[in-house]
Each structure stands twice: as structure tokens, then as C-alpha cells.
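Written out below as C-alpha cells is the structure these notes cover.
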Amino acid sequence: MPAKLTTVILLLISNIFMTFAWYGHLRLQTSGIGKNWPLYVTILFSWGIALAEYCFMVPANRIGYAGNGGPFSLMQLKVLQEAITLIVFTIIAMFVFQGERLHWNHIAAFFCLIAAVYFVFLPSK
């Protein structure tokens, strides 16, 4: 599999885990499952999910980084990761957190992110 595709797939998977590590406990709380959990239990629960996220993020960065023979510069990796994060977060927020909706300003922000990805991949001179 090409390094570009491998990197993007690993970033997608890691961001799914990251979104659940950062925000999944909020859904558990509103559903009543984690409502009475002490904060330290919530943190440990989230860290457990974040460990899985790191198991995909670190290889994605190693495979994708130009310094290791990959196709992306450090800046390209970061902007790509941020764009993937927002896409994954939006999809999960809309389906897991009912009541969250996209508004015009969110869509405008997405276009700004797409522009950021475009600009970061332009040749530097």
C-alpha cells in the first residue's frame, strides 16, 4: 500500500479513537452510564482509549514523515491531521451526539481548512 494512503488511513483510525477519548465520556455521561463516575475514572477511561489512538497516530507520523522517507513534510502532516480530526469529529458529533447540527459558520470553517490543506501542499520556494 502506498505510504500516502497508509498514512491517511492510520490518521483516520487514530482520530476516531481520539474523538471518543476526548468526547466519548460526555456521551456516556448523558446516557447515564458514566454519570456517577469520579473524574479520575473518566480520565483513566479516556487514557485507555487514547492509548489505542497513539498506536495508530505514531505509525502514521513515522510512515508519512519525509524525514523517514515518507511523502509528507512535518507541516503537511500536521495540517492533514487537523483536517482529518475535524472531519471525523463532525461525523461523530452529528451521529453520536444527537442535537449537534452543522451551521453556515461551521461549513465556512471547513472551507478554510480545505484551503489550509491546499496551501500547505503547494510547492515552497
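Inside the range 22-80, residues that are under 19 Å from K4 (Cα atoms), among the aliphatic types (A, V, I, L, M) and out of contact with any Gly (no Cβ under 7 Å at 6 or more places or on another chain) make up a count of 8. Mind checking which residues of the range 65-100 are within 19 Å of the chain's Cα centre (by Cα) and not in a helix (DSSP H, G or I)? Scanning the range 65-100 gives Y65, F72, S73, F97, E100. May I ask you to verify whether N15 is of a type outside the set (A, V, I, L, M) and closer than 30 Å to M1 by Cβ? Taking the combined requirement at face value, the residue satisfies it. Taken over the range 24-51, the criterion of being crowded, with 16+ Cβ neighbours inside 10 Å, closer than 30 Å to G70 by Cβ and not small (G, A, S) is satisfied by I49 alone.
Readers should treat all values here as calculations from the given coordinates under stated rules, not as data from a laboratory. Owing to the predicted nature of the structure, the values given are computational and were not obtained by experimental measurement. Because the Cβ atoms are built from the backbone with ideal geometry, glycine has one as well, and the counts that use them run over all protein chains shown.
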